[in-house]
Amino acid sequence: MTQEANDGTMQPSIMHKFRASVAQPILHSILHTELSQAVYTAEHVESLGTKLGVEISSRLASEPGWDRYKFITNIVVSQPGPGARMSSSCIWDSNSDCVVRESFVSPNIRCTASVFAIYCY
């Protein structure tokens, strides 16, 4: 943990603030790596969603300076076809908390990953 974790600060420093611009490429990379050859099957969708969620959360948690963040990861995997709309909202501290989303769509599978980064005071 950083010194910040022990000093009682109520906000992350600029250097340790979660940034969607850093997290977005991580989500993109994981989704494209794991799903580029994937085919939707109802039998495997639960394990695939769990695998993606764990991998994304672990990767984000390993980023330097983000040790005081908790990550809530929501993965939606579906069959390709007509579009769907997703919405979510939270009440949080807009100065320190953030959300980032990434989608992957292919002829065989569709996936949207949402990560809520919540700063723990």
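Could you work out [θ]222 nm for the chain from helices alone, using -39500 (n - 2.57) per DSSP H run of at least four and dividing by all its residues? Round to the nearest 500 deg cm²/dmol. It would help to have the intermediate numbers written out before the result.
Working: 2 runs with 33 residues, N = 121.
Taking each H run of at least 4 residues, the total per residue is -9000 deg cm²/dmol.
Just the number: Rg to Rh for the chain, Cα atoms, Kirkwood Rh, two decimals. Please list the in-between numbers first.
Working: Rg = 15.8 Å, Rh = 15.4 Å.
Ratio of gyration radius to Kirkwood radius for the chain: 1.03.
Please give, to one decimal in nm, the separation of the simple spin-label points placed at VAL76 and SER88, each 7 Å out from Cα toward the Cβ.
Result: 1.0 nm between the two label points.
Please turn the phi angles of the stretch 110-120 into ³J(HN,Hα) values with the Karplus equation 6.51 cos²θ - 1.76 cosθ + 1.60 (θ = phi - 60°), one per residue in order, whole Hz, x for glycine and proline.
10, 8, 10, 10, 10, 10, 9, 9, 10, 7, 9
What list of ³J(HN,Hα) couplings, whole Hz, do you get for the stretch 13-19 from phi and the Karplus terms 6.51, -1.76, 1.60, once you set θ to phi - 60° and write x for glycine and proline?
Per residue, the Karplus-derived 3J(HN,Hα) values read 5, 4, 5, 10, 6, 5, 10 Hz.
Only Cα pairs under 8 Å and at least 6 apart count here; give the relative contact order of the stretch 1-115 as a rounded whole percent.
Values: 132 pairs, mean separation 40.9, N = 115.
Dividing the mean separation by the residue count of the stretch 1-115 yields 36 percent.
For the pair ASN95 and SER57, how long in nm is the line joining their label points, each one 7 Å along Cα→Cβ?
2.8
Report the residue, chosen from LYS51, LYS70, LYS17, that carries the largest GNM mean-square fluctuation when the chain is represented by alpha-carbon nodes joined by springs under 10 Å.
LYS51
Using the Karplus equation 6.51 cos²θ - 1.76 cosθ + 1.60 (θ = phi - 60°), what ³J(HN,Hα) coupling, rounded to whole Hz, does each residue of the stretch 42-53 give in order, writing x for Gly and Pro?
Once θ is set to phi - 60°, the couplings for the stretch 42-53 become 4, 5, 10, 5, 5, 5, 5, x, 5, 4, 5, x Hz.
Can you compute the charge dipole magnitude of the chain about its Cα centre, using +1 on each Lys and Arg Cβ and -1 on each Asp and Glu Cβ, nothing else charged? Give it in debye, rounded to the nearest 20. List each step's numbers first, then the result.
Numbers: 9 positive and 11 negative charges, 56 e Å.
So the magnitude is around 280 debye.
Since every read-out is calculated from the coordinates, none of them should be taken as a lab result. Because the structure is a prediction, the values reported are computed rather than measured. We place every Cβ from the backbone using ideal geometry, glycine too, and count neighbours over all the protein chains shown.
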